[in-house]
Amino acid sequence: MPLHVLYVDDEPDIREVATLSLEIDPDLTVTSFDSGPAALSALDAGLEPDAILLDVMMPGMDGPATLAAIRERPRLFETPVIFITARAQTQEQQKFRALGAVGVITKPFDPMTLAGDLRGLLGRAK
């Protein structure tokens with residue numbers, strides 16, 4: 001099933017690798033932004049992603065703050081959000097799920113399995 005993923009990460013190299021990795025799956029398209037505010041602007045302008053992949057640690061507006069702002073937009077309230085982070089401890093992951101994320105992908109991620117990992121988390125969220 002085709003999916004449009006919004007990916008937000010302040011690190012350009014990681015953003016590029018993740019985008020290429022996700023697009024290995026021919027049914028995934030990715031739109032990426034380097035900050036929460038940039039992503040929110042695009043969402044407010046009508047961007048309609050099927051899922052959102054958010055880096056946790058970003059300057060200014062971090063991933064949890066971006067998620068909170070996304071959830072203030074009624075049309076995006078049900079859009080699944082997955083955090084991507086180097087903070088992989090169970091306690092941290094539980095905190096992210098409590099914020100409303102459907103799951104967490106750990107950095108460094110495996111570029112060859114990233115699309116499958118994303119689909120796996122989205123499948124469990126249904």
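Taking the Cα centre of the chain as reference, the dipole from Cβ charges on Lys and Arg (+1) and Asp and Glu (-1) amounts to some 600 debye. How charged is the neighbourhood of Pro37? Take every other residue with its Cβ under 13 Å from the Cβ of Pro37, and add Lys/Arg as +1 and Asp/Glu as -1. In short, -4. Label sites at Ala38 and Ala69, each approximated as a point 7 angstrom past Cα along Cα to Cβ, lie 1.3 nm apart.
Within the listed set Asp55, Asp25, Asp13, the Gaussian network model of the chain (springs between alpha-carbon atoms below 10 Å) gives the highest mean-square fluctuation for Asp13.
Carbon-plus-sulfur accessible fraction, the chain (probe radius 1.4 Å, protein heavy atoms only): 55%. Averaging 1/r over each pair of different alpha-carbon atoms in segment 3-67 and inverting the result gives 11.8 Å, the Kirkwood hydrodynamic radius. Go through Ile70, Ala38, Val56 and say which Cα lies farthest out towards the positive end of the charge dipole of segment 7-82; charges sit on Cβ, +1 for Lys and Arg, -1 for Asp and Glu. Value: Ile70. Here the Gaussian network model covers the chain, with springs between Cα atoms less than 10 Å apart; of Val30, Val56, Val17, Val17 fluctuates the most. Count Lys and Arg as plus one, Asp and Glu as minus one, and take only other residues whose Cβ is under 13 Å from that of Leu47; the net charge is then -1.
Surface exposure of the chain, expressed per residue as accessible area with a 1.4 Å probe, stands at 51 Å².
Figure legend: label point modelled 7 angstrom from the Cα of Asp62 along Cα→Cβ; residues of segment 79-93 with amide N under 18 Å from it are 82-93. Considering only Leu47, Leu67, Leu114, the Gaussian network model of the chain with Cα springs below 10 Å gives its largest mean-square fluctuation to Leu47. Proximity of backbone amide H atoms, modeled 1.01 Å from N, is registered between Val30 and Val5 at under 5 Å, excluding neighbours fewer than 5 places apart on the same chain.
The values are calculated or read from the model by the stated rules, or taken from the named source; none is laboratory data. Just so you know, these numbers come straight off a predicted model, no measurement behind them. Every residue, glycine as well, gets a Cβ built from its backbone with ideal geometry; the counts of neighbours run over all protein chains shown. For accessibility, only protein heavy atoms count, side chains too; no ligands or nucleic acids. Shrake-Rupley method; radii C 1.70, N 1.55, O 1.52, S 1.80 Å.
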